[in-house]
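Worksheet: the structure to be examined is printed underneath.
The values are calculated or read from the model by the stated rules, or taken from the named source; none is laboratory data. For clarity, every value in this text was computed on a predicted model and none was experimentally measured. Using ideal geometry, Cβ is built from the backbone for each residue, glycine included, and neighbour counts are taken over all protein chains shown. The accessibility values were calculated without ligands, DNA or RNA, using every heavy atom of the protein model including side chains. Shrake-Rupley method; radii C 1.70, N 1.55, O 1.52, S 1.80 Å.
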Amino acid sequence: SSVRWAFLVDTYKCVGCGLCVKACKNENEIPYDANVTRTWVERYVLTKDGKLYADSPKGAREGFISSKIEMGMGKFQDVKKEDIKKAFFVPKLCNQCENPPCVQVCPVGATFDSPDGVVLVDEKRCIGCRYCIQACPYGARYLNTHTKTADKCTFCYHRITKGQLPACVEVCPTEARVFGD
């Protein structure tokens, strides 16, 4: 294939609104309340006293509460605006690795690299062993509880092969996500 898909994220433009996460869940039929998603946004907050906090409540599906940092297990840390030195958002998704470790460990060949550079999962072949989930260095894979198979971002392969943009790129209000050949 002469096409090689690429995805860029401009972290300076991301405002952590969560519209990308909602669009992804809707487009790819991922249950809205499931605590998994193909794309998510992490927030990093550095306080003036040198503490670094990172959170991503429900993948940032609903955005972020400005003064509360999710610490896990339903606990939150209040951080006053005047105590923040720097805060920023980082959208995350599968990196579609050039030499994907998830493909290497799949015992049945269900995870494969498409000719145009997108790592895909054949649901009919996947046995749900989770080897690929463990092998992913970016934490970009999960087990789909409905299909009992591995799942991940596919750049909305069903859309891009028809000339459309991935759902998350299409809805981003700040154009922080850029996609193309």
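The table for this structure:
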{"quantity": "Contour excess over end-to-end distance, with Cα ends at Tyr138 and Asp116 and 0.36 nm allotted per residue", "calculated": "5.8 nm"}
{"quantity": "Estimated dipole of the chain in Debye, rounded to 20 [Cβ of Lys and Arg +1, of Asp and Glu -1, Cα centre]", "calculated": "340 debye"}
{"quantity": "Selected from Val90, Ser66, Thr147, residue furthest toward positive end of dipole (the chain; charges at beta carbon)", "calculated": "Ser66"}
{"quantity": "Integer Hz, Karplus 6.51/-1.76/1.60 couplings in order for region 107-123, x for Gly and Pro", "calculated": "x, 10, x, 6, 8, 9, 9, 6, x, 9, x, 9, 7, 10, 10, 8, 4"}
{"quantity": "Carbon plus sulfur fraction of accessible area for the chain, probe 1.4 Å, in percent", "calculated": "52 percent"}
{"quantity": "Estimated vicinal HN-Hα couplings, Hz - region 31-38 in sequence order (Karplus 6.51, -1.76, 1.60; Gly, Pro = x)", "calculated": "x, 4, 8, 5, 7, 9, 6, 7"}
{"quantity": "Label point distance in nm, Phe76-Lys51, each placed 7 Å from Cα along Cα→Cβ", "calculated": "1.6 nm"}
{"quantity": "Residue-averaged 222 nm ellipticity for the chain, from DSSP H runs of 4+ at -39500 (n - 2.57), nearest 500", "calculated": "-3500 deg cm²/dmol"}
{"quantity": "Heavy-atom surface of the chain, accessible at 1.4 Å and reported per residue (Å²)", "calculated": "58 Å²"}
{"quantity": "Charge sum, other residues only, whose C-beta stays under 15 Å from Ala110's C-beta, Lys/Arg counted +1 and Asp/Glu -1", "calculated": "+2"}
{"quantity": "Burial order of peptide ranges 39-48, 95-104 (average beta-carbon count within 10 Å, highest first)", "calculated": "39-48, 95-104"}
{"quantity": "Point-charge dipole on Cβ atoms (K/R +1, D/E -1) for region 9-91, about Cα centre, debye to 20", "calculated": "200 debye"}
{"quantity": "Whichever lysines have a C-alpha closer than 20 Å to that of Lys25, once near sequence neighbours (fewer than 8 apart) are set aside", "calculated": "Lys58, Lys92, Lys148, Lys152, Lys162"}
